[in-house]
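The values are calculated or read from the model by the stated rules, or taken from the named source; none is laboratory data. Note that this is a predicted model, so its numbers are computed, not measured. Virtual Cβ from ideal backbone geometry, glycine too; neighbours counted across all protein chains shown. Side chains included, ligands, DNA and RNA excluded: accessible areas come from the protein's heavy atoms. Shrake-Rupley method; radii C 1.70, N 1.55, O 1.52, S 1.80 Å.
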Amino acid sequence: MADVEAALDEAGLKNPHVREYVRHWAEHTGAERVEVVSASDDARLIEESLAAGEIFPAGEGRYYSRSYHKDTARSEERTIVATSNPDDAGVYNNWRHSDEMKPLLTERMRGKSAGKTMYVIPYLMAPPGSPLEKYAAGVELTDHRTVVLHMIRMARVGVEHIDNLAEPESFVRAVHVTGDLEHLGQGTPDDQRYFVTVADERLILHFGSSYGGNALLGKIAHGLRQACYDGWASGEFLAEQFMLIGIEDRETGKTHHICGGFPSASGKTNLAMMLAPDVLGERYHVTFYGDDIAWLWVDPDDGRLYGLNPEYGVFGVAKDTNASTNPVALDSIEEGTGTLFTNVAYNTETQEVWWEGKTPHPPADVTGWHDWMGNEIADRSSRDDSPWAHPNSRFTTTLANVPNVAGDFEDPKGVPIDAVIFGGRTRDREPLIRAIHDVAEGVYDGLTLGAEATFATEGIEGQLRYDPMSMRPFMAYPEGAYAAHWLKIIGQATEQPIFAHVNWFQRDPDDGHFLWPGYRDNLRPLLWLLQLKNGEVEGRETSVGILPTEDELNLDDVQVSAGDLEKILSIDADRWRQEIANREEHLDLFDGMPEEIREAHRRVATAVEDE
Ligand code: OXD
Ligand code: MN
């Protein structure tokens, strides 16, 4: 049995509630040793992981790990939000009663860390001193060392974050037990995995995976699911799967901030790390705050909506990251950054890494190259064209490694939000940008957000999978109450942000080419949006919002034909009429949708009908 007291004393961890929690779970899981971790332990843990063959060097100061081949992604079906109140059941939160889930998980975890070290990771999901600090403290217990390395990059980790809490008993208890990955029946009717957030107890119990989205509990389980619930239960804030950027205008000296939600595979990380196009680069500088989570609240002193990124790092998708899609990401994972790669292809001789889309073709000389499962590429049959890297392979790096990270990214006050945008991968119908008339229509737009990517792969081309506010997998309470909470929080702001919907992915119906170049040029519609908010342009009214006119949009040096531009700056009323009918069905799924949202829907529907 682990000598828990000695480990806690050695780390100087005094909080009696944390000590009791660690004691309890160490005994329950049967861990052999307990070790309390701070960020300063990183170098030693890296050495230990290298020596144990859990990670491999990937160039100077970078590392590579491979996960079990059936453990490479989040599992939405196995992810549950539990509480003691059946009214908390929504459409997407997979609600179950905590009386059912707690005993189930507890049983599943019993004795399952035998022979292993239980790492105690005190963390903070916010810069210290932020107004939301009391919702940010947590202690993850994990029996997986690579998870610790990821947590050190993705959250602020250290005993100091847990020992001086204003309410010492108030921290998220986040327990991760890996289990025997080779015998968990992943994806079968006998699946043993469970990823449960007992939201009304601020208790997270995850069993059966070491994949980041399931195992780095500060990020998705706490930073999104738990925080989303806490924000609602306290009435104080919103926690959303949003990116957050700043746009500095060197001519006026002003910086504006934009946050927004995009369903997965809609380029959120690329947008968050965007650089200004060369021709605008002298004047505008885009700064990075975060690519995945924003917590939002209204400051009663100035009545503005504020946002902060609770994370400390980026857990980015490697696929298609390259010098033109995202040069900033490549700089952020350079040698010397401490980056961890997971499930990319790896060269055991040169220690290089590669993923699909990093370069147009895989390395020609396959000597030493192994695919994400560890198989030698040289041994492949000529008919095997499976990817070298897993499509969900990842890089994990800290925010400070991002070259254009905002100077104030650690400011506990957060930053005032000027605009909230939503966008998805939509091949038709959605123009380049449409500014939305008011908050109710903005929230309605977020609730009817969708992306076609997943359905396209399942053969229902063009049909959206609705993903309200890009929170479908992270929703912690019912959607009607969620909408009402949004209206309440944004309604508290005396200077409200402008809402808009963006789409970089409209295609030509005949040959499929993208109508807008995207990437760095996406700054142009965002600049227009800020000008609209500031009353410097007027735009053009349509049934679904205000669109830029061609002369309002800064188009210096853009490669776009007149015909394509006309299409992305206009409304396809017939397609919109179909979409309105789909939205009607989507909204009907949810109980208790506020009348303001229904009213916004009717307004848009009538306007589209008359377009
Ligand atoms: C996700 C992630 O799964 O950000 O959404 O990793
Ligand atoms: Mn995400």
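A few notes on this one:
- Per residue, the Cα convex hull of region 115-155 amounts to 52 Å³.
- Once all protein chains are placed together, residue 486 keeps about 0 Å² accessible to a 1.4 angstrom probe.
- Per-residue accessible area (protein heavy atoms, 1.4 Å probe) orders 411, 320 as 320, 411, starting from the largest.
- Beta bridges by DSSP in the chain, antiparallel share as percent, to the nearest 5: 65 percent
- With an a/c value of 1.5 or above and a/b not larger than b/c for the gyration tensor axes a ≥ b ≥ c computed over the alpha-carbon atoms, region 65-148 is described as oblate.
- Relative to the 2.2 N^0.38 Å rule of thumb, region 567-611 has a C-alpha radius of gyration ratio of 1.26.
- log₁₀ of I(q)/I(0) at q = 0.07, 0.09 Å⁻¹ - the chain, Debye sum with one point per alpha carbon: -0.42, -0.71
- Cross-link partners of residue 112 among lysines, defined as those whose alpha carbon lies under 17 angstrom from its own and excluding same-chain residues fewer than eight positions apart: 102.
- Computed log10 I(q)/I(0) for region 1-123 at 0.09 Å⁻¹: -0.39, from the Debye equation with unit scatterers placed on every C-alpha and solvent omitted.
- Cα gyration tensor, region 366-427 - rounded (a/c under 1.5), prolate or oblate: oblate
- Using a probe of 1.4 Å, the accessible surface attributed to residue 203 totals some 20 Å² when neighbouring protein chains are kept in position.
- Debye-formula intensities of region 348-468, expressed as log10 I(q)/I(0) at q = 0.16 Å⁻¹, are -1.03 (one equal scatterer per alpha-carbon, no solvent).
- Principal axis dimensions, largest first and in whole angstrom, of region 484-563 by Cα: 46, 28, 26
- Look at the Cα gyration tensor of region 444-580: its axes a ≥ b ≥ c give a/c of at least 1.5 with a/b at or below b/c, and that counts as oblate.
- A crude spin-label estimate for the pair residue 438 and residue 278, with each label 7 Å from Cα along the Cβ direction, gives 4.6 nm.
- Within the full protein context, the accessible area of residue 278 is estimated at about 130 Å² for a probe radius of 1.4 Å.
- For region 104-129, the residues whose backbone nitrogen is under 17 Å from a point 7 Å from the Cα of residue 28, taken along Cα to Cβ, are 104-114, 118-121.
- Whole-number D in µm²/s for region 175-319 (Stokes-Einstein; Kirkwood sum over Cα pairs; 20 °C, 1.002 mPa s): 123 µm²/s
- Under 18 Å from residue 14, Cα to Cα: aspartates and glutamates that are on another chain or at least 8 residues apart: 3, 5, 35, 140, 160, 163, 167, 169
- From the Kirkwood radius over Cα pairs of region 244-335, Stokes-Einstein at 4 °C and 1.567 mPa s returns a whole-number translational diffusion coefficient of 89 µm²/s.
- Across all directions, the shadow cast by the convex hull of region 287-380 built on its C-alpha atoms averages 8.1 square nanometres.
- Proximal aspartates and glutamates to residue 254, defined as alpha-carbon separation beneath 15 angstrom and excluding residues fewer than eight positions away on the same chain: 282, 408, 418, 536
- Region 353-500: relative contact order as a whole-number percent, Cα under 8 Å and 6+ apart: 22 percent
- Residue-averaged 222 nm ellipticity for the chain, from DSSP H runs of 4+ at -39500 (n - 2.57), nearest 500: -7500 deg cm²/dmol
- The slack in the chain from residue 562 to residue 510, taken as 0.36 nm per residue of separation less the alpha-carbon distance, amounts to 17.1 nm.
- Packing, as the average of other Cβ atoms within 10 Å across residues, places the peptides 373-384, 13-24 in the order 13-24, 373-384, highest first.
- Here's the picture: a label point sits 7 Å out from the Cα of residue 376 along the beta-carbon direction, and within region 344-367 the residues with their amide nitrogen under 12 Å of it are 348-349, 366-367.
- Cut-off 16 Å, label 7 Å out along Cα→Cβ of residue 591, residues of region 90-112 by amide N: 90-97
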